[in-house]
Amino acid sequence: MSQTIKDLTAGTTGGIAQVFVGQPFDIVKVRMQTSAKGTYSGMLDCAGGILRNEGPLAFYKGTLTPLLGIGACVSIQFGVLEYTKRYFTAQNARGGQEASQSALLSTPQLLLAGSLAGLGNGFVSGPVEHIRIRLQTQSNTNPVYRGPLDAIKKIASKYGIRGIYKGQNVTFLREATGYGVYFWAYEKLVQREMAQKGIRREQISPGSAILYGAAAGYALWAVIYPIDMVKSRMQTDGFSPSDGQKYWSTLHCVRTVWKTEGISAFTRGLGPTLIRSPFANGATFLGFEMANRLLNSA
């Protein structure tokens, strides 16, 4: 098995772990991001309403799409990241660095590697999250879409590929910005422990992988949350004026939300995100690291 295939497989494992842990928090976040001001008094009000009105399984509404899609997304993230890290490691070695130091990438190298991983991931995450958000926010009593495949078919038949990729520009901005910081934070924490304890990467404990993944998740959301809110608004907006389109572009969305709802709208739903983040991202890195070790030991 090639190293790239191993990276992709380990990434898929991390992505599946992320979905199962994070999905209930994510649906609360999306409902709060896309609802009108005053719909919910807070995170618990939103979660309680979902539980009362739609039942416990509603917290996993639209899970099939992220289970397949996020698995692919995280697989691409780690595949691009690890490939780029190997490229920079080789470049450092050619520059005269000792073998033990060439794999310790600099901050600019890690930020670029993470940003490229995010952009690669964005080609898949954009439509996956669009379909997921449509399913998460539709009426439970009179749903427009029967499931992810039905949603894809209906949107594509009426609006084409542009409909499937709605909100893609802001998705690329979010991914490139966020994942540059995300992977930089994780890798720097790993480098720090390796240097302090004089150990190899595969000797990092599972607990450390969870802790550093949690910290990386907080770094990610600190940078991208307002961008993510705009993405959610764009991806739940109408496709045309005839079906209720409110935003003509990303910039128009930002201006409209700022004018009508104020700056607080850009952080609405942050609570469930901050609670979800350490669990979902800790699970992601734990899944990747453990699967990677198993595959490379075979």
Query - Pairs where the first residue, in the stretch 118-136, is touching a residue at least 60 places away in the same chain (Cβ under 8 Å) and the second is open to solvent by less than 20 Å² (accessible area, probe 1.4 Å) and not in a helix (DSSP H, G or I), C-beta under 6 Å, 6+ apart - result: 132/62; 135/62; 136/62
Query - residue 278 within 19 Å of residue 32 (Cα to Cα), in a helix (DSSP H, G or I) and not aliphatic (A, V, I, L, M) - result: no
Requested in this report: Please work out if residue 146 is in a loop (DSSP other than H, G, I, E, B) and either in contact with a Pro (Cβ under 8 Å, 6 or more places away or on another chain) or surrounded by fewer than 15 Cβ atoms within 10 Å (Cβ to Cβ) (or both).
Outcome: yes
Requested in this report: State which residue pairs qualify: first residue under 16 Å from residue 185 (Cα atoms) and at pLDDT 90 or above and inside the stretch 92-115, second residue part of a helix (DSSP H, G or I) and among the acidic types (Asp, Glu) in any location, beta carbons under 6 Å apart, and separation of 6 or more residues or different chains.
Outcome: 110/187
Report summary line: A careful count of residues in the stretch 195-218 that are farther than 17 Å from residue 288 by Cβ and either hydrophobic (A, V, I, L, M, F, W, C) or free of Cβ contacts under 8 Å to residues at least 40 places away in the same chain (or both) gives 5
Report summary line: Flagged in the stretch 104-153 as closer than 18 Å to residue 233 by Cβ and of a type in the set (Asp, Glu), in numbering order, are 129
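Determine, yes or no, whether residue 162 is charged (D, E, K, R), open to solvent by 30 Å² or more (accessible area, probe 1.4 Å), outside any helix (DSSP H, G or I) and at negative phi. Let's see the steps before the verdict.
Values: charged (D, E, K, R): yes; open to solvent by 30 Å² or more (accessible area, probe 1.4 Å): yes; outside any helix (DSSP H, G or I): no; at negative phi: yes.
Answer is no for this residue.
Can we say residue 186 is surrounded by 19 or more Cβ atoms within 10 Å (Cβ to Cβ), farther than 28 Å from residue 163 by Cα and among the hydroxyl-bearing types (Ser, Thr, Tyr)? Quick ask: steps written out before the conclusion?
Numbers: surrounded by 19 or more Cβ atoms within 10 Å (Cβ to Cβ): yes; farther than 28 Å from residue 163 by Cα: yes; among the hydroxyl-bearing types (Ser, Thr, Tyr): yes.
Yes; evaluated as a whole, the condition is true for this residue.
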Query raised in the report: Quick one: residue 157 ticks every box in (1) open to solvent by 30 Å² or more (accessible area, probe 1.4 Å); (2) of a type in the set (Gly, Ala, Ser); (3) touching a residue at least 12 places away in the same chain (Cβ under 8 Å) bar one, so which box is it?
Result: (3)
Query raised in the report: Can you name the residue in the stretch 226-251 that is open to solvent by 50 Å² or more (accessible area, probe 1.4 Å) and of a type in the set (D, E, K, R) and is also modelled with the highest pLDDT among such residues?
Result: 246
Report summary line: Of the candidates 254, 223, the one satisfying the condition of being open to solvent by 40 Å² or more (accessible area, probe 1.4 Å), under 25 Å from residue 134 (Cβ atoms), in a helix (DSSP H, G or I) and of a type outside the set (Lys, Arg) is 254
Report summary line: When the stretch 3-57 is checked residue by residue, the ones that are free of Cβ contacts under 8 Å to residues at least 60 places away in the same chain, open to solvent by 30 Å² or more (accessible area, probe 1.4 Å) and either in contact with an Asp or Glu (Cβ under 9 Å, 6 or more places away or on another chain) or not in a helix (DSSP H, G or I) (or both) are 36, 38, 39, 40, 41
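The values are calculated or read from the model by the stated rules, or taken from the named source; none is laboratory data. Since this is a predicted model, take the numbers as computed values, not measurements. Reconstructed Cβ throughout: ideal geometry from the backbone, glycine too, with neighbour counts over all protein chains shown. The area values use the complete protein model at the heavy-atom level, side chains included, leaving out ligands, DNA and RNA. Shrake-Rupley method; radii C 1.70, N 1.55, O 1.52, S 1.80 Å.
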